[in-house]
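Colleague: Before I ask anything, let me first share the structure, which is written out below as structure tokens.
The values are calculated or read from the model by the stated rules, or taken from the named source; none is laboratory data. This is a predicted model, so every value here is computed, not measured. Cβ placement follows ideal geometry from the backbone for every residue including glycine, while neighbour counts extend to all protein chains displayed. In case anyone asks, the SASA skips ligands and DNA or RNA and just uses the protein heavy atoms, side chains included. Shrake-Rupley method; radii C 1.70, N 1.55, O 1.52, S 1.80 Å.
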Amino acid sequence: MERSSKCSNGLSVFEQLGQRMEDVSGDRGVLKEVIRAGSGETVPHDATVIVKYSGYLEHAERPFNTNCFQRFPKLMKLGEDITLLGMEIGLLTMQKGELSRFLYFPRYAFGNLGCPPLIPPAATVLFEIELLDFLDTAESDSFCNYTQEQQSRFPLDKVLKIAKTEKEFGNYLFKQSRFDDAKDRYKRAFTLLSHRSFLDECGSLNSALLYVNLNLSLTYLKLERPSRALTYGEKALAIDGNNTKALYRCGQASLDLREYEKAQHFLLAAQKMEPFNLEINNELKRLSSCYQEYKDQQKKMCRRMFSPQTAAATLI
């Protein structure tokens, strides 16, 4: 159902709304009203943002475009994935957790032509945007394009910051079950850190490498590539031989590879560290079941090989 185009004072709904909104473009082409304040820094240029949004025409009750029904909103990189100039300008004023309302006038939205049949010509549109999170990936993308020699000239703090951004990006992708994309981000972080590990031995570097290796091990398990999971789990153990998660990951990977004695070694070591950890104990039960099934199959095979019928068949 459509709303009336004019209010009692003769102004349209959007015109009346715009009177109390802040000008964020400098020419009143993009107006903003904060519904719920966020915290921290504002979104930097070229960042990758995670937002929920709904766009409305002035006389419509329902949004013409929304992603609010998506469980995991698509990542959008400023300067690449956002088509409305007004949205990009607005996002640069927002903080993490902020919910704001924006009016985009035609030159910052769909122009004088609109986007038929959905958007009429010269339409002003309203967007409600919630900034769930953002990652400053521009710095990271630029840094990763340098050669290894060029990267080595930067201070360690810079490398740790870039690696942390890549890891956080990977974490977000992992939570969306986009494991292959998450793996690529974790590997970028691993490459940056492992190049420096030969030059700088320090706790912060090894700690960062430990967590990246653990994340890679878990991601490869999700991708059903246990040999790679085991490789990165063992890299984590090389940094911290008593790390429970690393022992557990290696146990899981070895079990998936049907290397039962190796799996038992890792899982019992993990259980020793955390005796009441339910996940570890359940994995040991799975190991026992799989190993027993394996031994039963081996016994059946041996019986068939050395049964009288088999021997007779061999003589023939």
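Residue-by-condition table, conditions (1) more than 21 Å from THR137 (Cβ to Cβ); (2) modelled with pLDDT of 90 or more:
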residue: SER4; (1), (2): yes, no
residue: VAL13; (1), (2): yes, no
residue: HIS45; (1), (2): no, no
residue: VAL51; (1), (2): no, yes
residue: LEU57; (1), (2): yes, yes
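Colleague: Same structure, new question: Could you check PRO106 against (1) out of contact with any helix residue (DSSP H, G or I) (no Cβ under 9 Å at 6 or more places or on another chain); (2) open to solvent by 50 Å² or more (accessible area, probe 1.4 Å); (3) free of Cβ contacts under 8 Å to residues at least 40 places away in the same chain; (4) not aromatic (Phe, Trp, Tyr) and say which number it fails?
Modeller: In the conditions (1) out of contact with any helix residue (DSSP H, G or I) (no Cβ under 9 Å at 6 or more places or on another chain); (2) open to solvent by 50 Å² or more (accessible area, probe 1.4 Å); (3) free of Cβ contacts under 8 Å to residues at least 40 places away in the same chain; (4) not aromatic (Phe, Trp, Tyr), PRO106 misses (2) alone.
Colleague: Let me ask another. Search segment 41-85 for residues being of a type in the set (Phe, Trp, Tyr) and within 17 Å of TYR104 (Cβ to Cβ), and hand back the single one that is nearest to the chain's Cα centre (by Cα).
Modeller: Here the residue is TYR53.
Colleague: Do we have any residue at all in segment 13-36 that's of a type in the set (D, E, K, R), touching a Cys at 6+ places or on another chain (Cβ under 9 Å) and in a strand (DSSP E or B)?
Modeller: no
Colleague: Scan segment 39-63 residue by residue and report those that are surrounded by 18 or more Cβ atoms within 10 Å (Cβ to Cβ) and not in a strand (DSSP E or B).
Modeller: VAL43, ALA47, GLU58
Conditions tested, residue by residue: (1) aliphatic (A, V, I, L, M); (2) modelled with pLDDT of 95 or more.
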| site | (1), (2) |
| --- | --- |
| LEU216 | yes, yes |
| THR219 | no, yes |
| ALA229 | yes, yes |
| LEU247 | yes, yes |
| PHE266 | no, yes |
| SER307 | no, no |
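Colleague: Give me the helices (runs of 4 or more DSSP H) completely within segment 135-231, filtered to those with at least 3 residues that are open to solvent by less than 40 Å² (accessible area, probe 1.4 Å), ordered by residue number. Full working, then the answer.
Modeller: Values: elements: 137-144, 148-151, 156-175, 179-197, 203-222.
Of the helices (runs of 4 or more DSSP H) lying wholly inside segment 135-231, those with at least 3 residues that are open to solvent by less than 40 Å² (accessible area, probe 1.4 Å) span 137-144, 156-175, 179-197, 203-222.
Colleague: Given the structure, is GLY97 within 16 Å of PHE64 (Cβ to Cβ) and not aliphatic (A, V, I, L, M)?
Modeller: no
Colleague: So if I check each of ARG20, ARG28, ARG36, which one is under 23 Å from ARG107 (Cα atoms), open to solvent by 60 Å² or more (accessible area, probe 1.4 Å) and touching a residue at least 60 places away in the same chain (Cβ under 8 Å)?
Modeller: Just a single option satisfies the conditions, and that option is ARG28.
Colleague: Further, regarding this structure: Just the residues that are crowded, with 19+ Cβ neighbours inside 10 Å and assigned to a loop (DSSP other than H, G, I, E, B), please, taken from segment 64-83.
Modeller: Selection gives LEU75, LEU78.
Colleague: Another question about this same structure. Every residue in segment 109-130 that is open to solvent by 50 Å² or more (accessible area, probe 1.4 Å), touching a residue at least 40 places away in the same chain (Cβ under 8 Å) and in a strand (DSSP E or B), please. Spell out the reasoning first.
Modeller: In the first step, residues of segment 109-130 are kept if they are open to solvent by 50 Å² or more (accessible area, probe 1.4 Å); the result is 110, 112-113, 115-118, 120-122, 128, 130.
Restricting the remaining residues to those that are touching a residue at least 40 places away in the same chain (Cβ under 8 Å) gives 118, 120, 128, 130.
Residues satisfying the conditions are GLU128, GLU130.
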